Structure formats: C-alpha cells, structure tokens
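Worksheet: one structure, shown below.
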Amino acid sequence: MLVVNPRATFVVVFLTRPLLDLALNLTKVTVGEQEIGFGAILNLIIIVLAGFLFFYEGVFPRKNPVVRAWVFFLVVMLIAVIDSPYIGRAVRLYANYLSYFAMFLIPFLIIKSREDFLFWVKIFAWSFVLPVLYANIDLLRGGTFYSDAGMRIKGSFSHPNVLAFYLCLGITYCFYLLKSKILKFSPRVVMVVIIFVLNMVVLLLATKTRNAWIACFGVFFIYGLLRDRKTLLILLLLMPFLMFVPAVKDRVITVFNGKSSLDYEGVNSFEWRLRMWTSSFPLIVKKPLQGYGLTSFKEMSPQFSEGRSNMGAHNVYVETLFESGLIGLFAFLFLFFSSFQIFWNNMIKSVDRNLSGLWAVVVGYFISYVLICFADNLSYYLALNWYVWFFIALMLISKRYMEPGEKNSTAVVN
C-alpha cells in the first residue's frame with residue numbers, strides 16, 4: 001500500500017489510529033528491558049510514509065519557520081539520545097518525535113489544491129467519530145476504577161488523560177468548523193455537529209481529567225477574550241452549574257484537599273507535582289546546558305523524589321530541562337513559539353472579522369496546549385500528538401485557501 005498508493009495508506013492509518021491503543025498494547029513483548037509491539041511498526045510506517053510522499057511529490061516546505069524549528073528540535077533531541085544512559089527508551093521516545101514531525105509534514109506534501117484541503121478538513125472531522133462512539137460504550141459500561149479518581153472512562157486509549165485531551169481537540173475542531181464558512185452545513189448537519197460536541201463534553205467530564213477541563217475552558221475563554229465577549233459571558237455563567245455535577249465537584253475539591261483518599265497518598269495532586277519539580281532542581285543545576293539524556297527523568301526520579309519509583313515529571317518543560325538542558329528547553333519553546341507567532345499574526349492582520357475569529361480559536365487551543373504542558377506528560381501521548389500536529393499543519397495551510405487574495409500565495413506554506 002505504501003508503494004502503490006501512499007495517500008490511501010495515510011487515510012487508513014489516520015482514521016483507525018485512535019482506535020488502536022488497547023489492541024497495540026496487547027502486542028507488546030519484553031525484549032531486554034524494553035517493551036516492543038506493533039505500535040512501533042505504525043510509527044515507522046508514518047515516518048516512511050512521509051518519505052514516500054516526499055519522493056512522489058518532490059516538495060519540501062523548507063522555508064516554513066515551523067519546519068525549521070522542528071529540524072532544530074530533532075537535532076538537539078538526537079544529541080540527548082546519544083547522551084542518555086537509557087538508550088533503548090531514548091530511541092523509542094525519539095521515534096515518537098519523528099512520527100510527530102512526519103504527521104506535521106504530511107499535510108504540506110499531500111494538500112496541493114482547495115479540493116485537497118477540503119478533503120482533509122472532512123477526514124480530520126470524521127476521525128473523531130469512531131473514538132467518540134467507542135468512548136460512549138465505555139461510559140455505558142461504567143468505565144474503569146482508578147485509585148486517584150474512582151470510575152473513569154478511557155475509550156479506545158490507554159489512559160483517561162489521553163482520551164480527555166483528544167476530546168478537547170475534537171471539541172475545538174468542531175467549534176472551528178461551525179464558526180467557519182469553508183464547509184457548507186445544512187441546518188440538520190449543524191444540529192448533528194452540536195449534539196456531537198455536547199456528547200464530547202459529557203465524555204470529557206467522565207474522564208475526570210482536570211487538566212483537560214482546564215484546557216477546554218482555556219480554549220473558549222481565550223477565544224472569548226480575544227474576539228467574542230458573548231462566548232466569554234456564556235462560559236462564565238455556565239461554570240458554576242458544573243459544580244452541581246458530583247464527579248466534577250469531587251475532582252475540584254481534591255485539588256485543594258490533601259486528605260482525600262482518592263489522591264496521591266493523601267497529598268493533593270498540585271502539591272505532589274510541585275514537590276516532584278522542586279526536588280529535581282538540584283540535579284538540573286549540576287548539568288544545566290546538556291541535561292542527563294532523553295528519558296532520564298523518569299529513570300532517575302527515585303534518586304530525588306522521596307522514594308517514588310520511576311515517575312514522570314508531569315511537566316514537559318521541567319522534564320525537557322532535566323533531560324536536554326537549557327538548549328533542549330530553548331529548542332522546545334522555539335518550536336511552539338514559531339507556530340504561535342504565525343497564528344497570532346494571522347489573527348491580528350486578518351481583514352475579515354469571521355476569519356480573525358477562526359484564528360482566535362486556533363490561538364486559544366494552542367495557548368491551552370502549551371499551558372497544560374506545565375502539568376502533564378503530553379510528550380508521551382503519541383496518538384494525541386499525531387492529531388495535534390496534523391491540526392497545526394492544517395491550520396497553517398488553511399491561510400492559502402481561506403484568506404482573501406491568498407489562494408496563490410506560498411509564503412505561509414513554503
């Protein structure tokens with residue numbers, strides 16, 4: 001399939017990947033100290049697929065600032081792999097990074113016309129349908145018990161947090177489509193999309209992932225603050241009613257109540273995170289420039305985290321600083337800043353109010369994602385990051401087909 005029709009291969013992988021986490025986990029076998037499964041093959045397929053598409057299309061967006069930032073980031077992370085004493089795990093995470101870049105790069109290789117763009121706008125929307133249906137089945141079955149929050153749903157993903165952040169992306173994207181004029185929706189379809197969004201909101205609450213709740217709130221709060229005060233007002237009026245939902249109330253209270261039996265050993269999750277971050281700083285100071293190598297934080301955490309065994313930082317920035325030093329942290333921040341700068345400039349320079357509002361939605365999601373990196377291990381959520389970076393690329397390309405007078409422009413894309 002890769003050789004005969006790489007585009008069709010990508011469509012198949014793109015539509016099915018959110019359903020496969022649980023199945024792929026069943027294929028894992030331990031080789032030495034590493035778990036290897038078919039998920040690694042899918043990673044390789046995406047990376048090779050990007051190479052095939054480049055070979056077929058012969059176009060590489062080398063002038064795009066985000067592509068350049070990605071190349072810089074990958075070079076720095078490769079050095080962190082070489083420095084890592086945990087080479088097997090480091091190579092595995094680096095392969096994830098390569099697949100994120102491949103997912104970001106592929107839209108630039110396959111979207112050559114407005115028709116291509118519309119096709120992938122629709123495919124991206126359809127990719128949320130089956131995972132949401134599966135999550136509904138999980139909800140009807142009652143979910144799975146977790147010691148930190150009780151019964152939670154995870155759908156087809158490996159953990160409720162991954163599903164929650166995936167739903168946040170789906171809610172944002174559906175809202176974007178409803179606000180845009182790129183697809184002509186009939187009133188009936190609009191109603192179906194609204195019901196679908198409400199369904200995702202219910203599922204998001206059922207994941208009991210507080211960071212994802214904050215991220216979703218942040219998207220609409222930032223959008224309302226930047227472009228639509230009515231949305232901001234509605235959002236603020238609805239927030240108090242969520243406290244009448246028992247699951248929401250309990251999760252909010254346990255942020256501040258360290259005595260809850262459902263939290264980390266009687267310590268609220270924020271305090272636990274803060275202790276983990278501050279305890280790692282003495283080691284960071286010893287190697288501030290290059291760090292200890294990729295994936296070293298989790299492996300070295302028992303040395304500084306009050307006896308905890310192999311715990312991630314739950315903070316992408318602290319973990320990146322620990323593993324690749326100030327150089328790695330700069331590369332990571334530069335990667336996101338280069339994307340944010342384009343979205344922000346598009347928003348403030350857009351002459352059309354509706355298009356400016358659409359860019360505000362993208363800016364809102366982007367800021368929320370960056371902020372949530374302060375409190376979760378988002379770098380390891382492979383399926384989620386595939387779709388986040390595809391979304392970012394799709395939005396970068398959208399300017400060519402949505403802004404007046406931009407149809408023949410290649411400045412943003414290339």
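The values are calculated or read from the model by the stated rules, or taken from the named source; none is laboratory data. A quick note: this is a predicted structure, and the numbers were derived from the prediction, not measured. Here the Cβ is made from the backbone with ideal geometry for all residues, glycine too, and neighbour counts use every protein chain on show. These accessible areas exclude ligands, DNA and RNA; they are computed on the full protein's heavy atoms, side chains included. Shrake-Rupley method; radii C 1.70, N 1.55, O 1.52, S 1.80 Å.
Computed quantities for the displayed model
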| read-out | value |
| --- | --- |
| Matching residues in region 262-288 - criterion: being modelled with pLDDT under 90 and in a loop (DSSP other than H, G, I, E, B) | LEU262, ASP263, GLU265, GLY266, ASN268 |
| Residue within region 111-119 that is in contact with a helix residue (DSSP H, G or I) (Cβ under 7 Å, 6 or more places away or on another chain) and under 21 Å from ASN43 (Cβ atoms) present | no |
| Yes/no for SER84 being crowded, with 20+ Cβ neighbours inside 10 Å, in contact (Cβ under 8 Å) with a residue 60 or more places away in the chain and more than 24 Å from the chain's Cα centre (by Cα) | yes |
| Count of residues meeting criterion [part of a loop (DSSP other than H, G, I, E, B) and touching a Ser or Thr at 6+ places or on another chain (Cβ under 9 Å)] in region 289-333 | 16 |
| Residue that is surrounded by the fewest Cβ atoms within 10 Å (Cβ to Cβ) [pool: residues in region 56-71 that are within 20 Å of the chain's Cα centre (by Cα) and without any contact (Cβ under 8 Å) to a residue 60 or more places away in the chain] | VAL71 |
| Only listed residue being free of Cβ contacts under 8 Å to residues at least 40 places away in the same chain, in a helix (DSSP H, G or I) and surrounded by 14 or more Cβ atoms within 10 Å (Cβ to Cβ), chosen from LEU74, LEU49, LEU53 | LEU74 |
| Residue within region 152-171 that is touching a Cys at 6+ places or on another chain (Cβ under 7 Å) and closer than 27 Å to VAL252 by Cβ present | yes |
| Residue match in region 134-144 (condition: polar (S, T, N, Q) and in a helix (DSSP H, G or I)) | yes |
| All positions within region 7-46 that are part of a loop (DSSP other than H, G, I, E, B), open to solvent by 50 Å² or more (accessible area, probe 1.4 Å) and more than 20 Å from TYR94 (Cβ to Cβ) | LEU20 |
| Cβ pairs under 8 Å, 6+ apart, first in region 310-332 and surrounded by fewer than 22 Cβ atoms within 10 Å (Cβ to Cβ), second assigned to a helix (DSSP H, G or I) and of a type in the set (Lys, Arg) | ASN310/LYS298; MET311/LYS298; GLY312/LYS298; HIS314/ARG273 |
| Enumerated helices (runs of 4 or more DSSP H) restricted to region 146-261, each holding at least 2 residues that are within 30 Å of ALA23 (Cβ to Cβ) | 160-179, 187-207, 210-226, 246-256 |
| Options SER356, SER379, SER350: the member that is at pLDDT below 95, within 10 Å of the chain's Cα centre (by Cα) and surrounded by fewer than 22 Cβ atoms within 10 Å (Cβ to Cβ) | SER379 |
